[in-house]
Every structure is written in structure tokens, then in C-alpha cells.
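Q: Please see the structure below; I have some questions.
Derivation of every value follows stated rules applied to the coordinates shown; laboratory data play no part. What you see is a predicted model; the values in this text were computed from it and never measured. FYI the Cβ positions are ideal-geometry reconstructions off the backbone, even for glycines, and counts take in every protein chain you see.
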Amino acid sequence: MIAKSAQHLACESSSVCGGDRRRTRVRAHAVIIATGAEYRRLPLANLSRFEGTGVYYGATFIEAQLCSGDEVIVVGGGNSAGQAAVFLAETARKVYVLVRAGGLAEFDVAGTMIRRIDESPNIELRTHSEITALEGTDHLEQVQWREHLHRQPRAPRDPAVFVMTGAAPNTAWLKGCVVLDDKAFIKTGPDLSPDDLQAARWPLPRGPHLLETSLPGVFAVGDVRSGNVKRVAAAVGEGSIAISLCIRCCSSDHRVLTAGGLPPQPPRPNRPAGRGGRATPCSLTPPGRDRLHARIGVMPLQPAADRLGVQLCV
């Protein structure tokens, strides 16, 4: 166990951890990236004061009961925002959907969802609108928003605000080591095209495993992965599958490289594998708001498997 923050993956054999001599390079057979995603937040200075006391990032049965009979504001124009608006309209007195665009048709929203919103008598779509201020003491008491076309500020009292503007994956620290999709989520398994693998110089005769990235031995699970279903149960299941795939690829790929006749490597001193002498696969826990906190177990590499080894700078 190493209680340090992961800085980046050293994806090239010639790469170094940077100019900071205090950084440590950790060598491992496999890495599981589970750094998640962070909800996009409104650019308001006092937003954090009201998170959980009037500003929410998910619409569940609990929030629906808290907002029963009240006015509700949903910020966002995607499917998640539409689903939240329809769900909250069952208990709320009024639901305002704020979008900065000219309508929901400009977002990737299903036609059936747009019809349900249009047909709901207590859902009101406000286009070209954005929240400008949050006010209150120990909880959110008033919201002001501006409609750019009418330039008339609105200020409903005691509303609840549901921010459904999507999430940004925590992948900046990877610094191009693995292939990402157009929204910076990590592509894995069958989502990696032949062009992706060619550009990443995939070195093995087999293709990537189900949750494996474009870098052999590096897996991604949960909200950080492209195509994830945004459910806790699914993320837990993916983690279990990834552990099984780590064990499989560590043994099979080692045999492939050994049979491939790699040039002999100079011996290096053994490093302790931790308490009890056992080594475990690598894993990364979800990060905090500012830093990526890593919990890492090291599997020392055999010399013949160096080209499949993954290195983390911490």
C-alpha cells in the first residue's frame, strides 16, 4: 500500500517521472484505473455552500420527497436532465428546465423525452437561460437566473436546483498514455478500433480484453470508462471482472513474451512486495476534488516481461 497521489503513467520505456526527485516510480504487471468522473459545476462563487442543502447532482426518491410541492430548477438539456425533470414533476409544484441553447432539439435528447416534457403541464422550458446567483444562509433560499433574449431576471424563492450538465472524467493525469474518446473518457476493449490500436502501437497478437485500454495491462472501470452506464452496481461488477482479467493477462502475456525471444535483461535487485511478501495487482481509488489519491499494490516484474510492465509515477 502506497499512500501517495498518482502523477501519471510512464507509458514509454524511456519516460521519466519528471524533474521532482521525490517522485517514485512503481512497476507493476497491471493497473486498474477507477478514478471516476466529477460532475460539472456551475460557475458560481458560493456554489459549494449550498451543495446538499438546495443544490443537488442527482434526482432520486429522497430529493423528490424533499421538493414535494415546491418549485424546482433543472439545469441542463441532455437526457439526464430530461429524465430528472419528468421524474420531479410528479411531486413538485413547478419544474423549470434551464438551457443556454435554443431548445432541447440541439442536445442529444430522445424524441420521446422531448414529447413528455412538452406534454407535462408543470414543466416549463426556459431557453437561452442561465443561473446568475444563489442566495441563502444555511440553505438555498433564492435563485436568480437571466434569460438572454428577454433580459428579465427571475427569482423564485426556496427552490431546489438540480445540476444535470454532465460529468468530466478524471483522465488529464494520463497525459495521452491511453486512447480516449471525444469526451476524454477511456476507450476499452471492443470500443478500440483498429486505427486506435495501430496509433497506440498495440504490441500483442491478441486484441484488448473487455475492459483493457490501448496500453496492455492497463484496465479502466466505472465512470472513467467510455460507454459506462453510470451505476454503482455496474462499476463494482466491472472491478471484479477487471481483477480476473488482470490475473489472466499477467500469466498469458508473460508466456507470449517469453516465447517471443526477447533479448536478455540485466538482473536487478529484488524489491520487497509489502507486508507478508505477497504482491497484488494495482488499483486506483476514486480521487478527491483536487488530487488523485492512489492505493497501489506492486507486482514485481520478471525481466522477460518488462515490455508489458506498467509504471506509475507517484
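Q: Please arrange Asp223, Asp138 by counting, for each residue, the other beta carbons lying within 10 Å of its beta carbon, fewest first.
A: Result, fewest neighbours first: Asp138, Asp223.
Q: Whole-Hz ³J(HN,Hα) for each residue in the stretch 199-215, computed from phi via Karplus 6.51 cos²θ - 1.76 cosθ + 1.60 with θ = phi - 60°, x for glycine and proline: what do you get?
A: Coupling constants for the stretch 199-215: 5, 7, 6, 4, x, 9, x, 8, x, x, 5, 3, 10, 7, 8, 6, 10 Hz.
Q: Let me ask something else about it. Report, by chain and number, residues whose modeled amide H sits under 5 Å from the one on Ser226, excluding near sequence neighbours (fewer than 5 apart, same chain).
A: Counting only residues 5 or more places away or on other chains, the set is Ile186, Lys187, Thr188.
Q: Can you bin every Cα-Cα distance in the stretch 78-203 into 10 Å intervals starting at zero and give me the percent of pairs per bin, rounded to whole numbers?
A: In order of increasing distance, the bins hold 11, 30, 26, 18, 12, 3, 0 percent.
Q: Right, another one. Please go through the stretch 136-218 and write out the trypsin sites (Lys or Arg not before Pro) that DSSP classes as loop and that have at most 16 other C-beta atoms within 10 Å.
A: On the way: sites: Arg146, Arg151, Arg154, Arg157, Lys175, Lys183, Lys187, Arg201, Arg206; in loops: Arg151, Lys175, Lys183, Lys187, Arg201, Arg206.
Answer in residue order: Arg151, Lys175, Lys183, Arg201, Arg206.
Q: While we're on this one: What ratio of Cα Rg to 2.2 N^0.38 Å holds for the stretch 183-240?
A: 1.12
Q: Which order, highest average first, do 89-97, 74-82 follow once you tally other Cβ atoms within 10 Å for each residue and take the mean per peptide?
A: Highest mean packing first, the order is 74-82, 89-97.
Q: How long is the gain from Ala105 to Ser193 if the chain were fully straight, where each residue apart is worth 0.36 nm and the alpha carbon distance is subtracted?
A: Length gained, Ala105 through Ser193: 28.7 nm.
Q: Something else now. List the residues whose amide H sits under 5 Å from the amide H of Gln7, counting only those 5 or more places along or on another chain, with H placed 1.01 Å from N in the peptide plane.
A: Cys313, Val314
Q: Starting from 0.36 nm per residue, how many nanometres of slack lie between Thr53 and Ala3 once their C-alpha separation is accounted for?
A: Gain in length upon complete extension: 14.8 nm.
Q: Using a 10 Å cut-off around each Cβ, can you sort Asp70, Asp118 from fewest to most neighbouring Cβ atoms?
A: The fewest-first ordering by Cβ neighbours comes to Asp118, Asp70.
Q: Any chance you could check the Cα centroid distance between the stretch 102-146 and the stretch 33-71 for me, in angstrom?
A: Centre-to-centre (Cα) distance: 14 Å.
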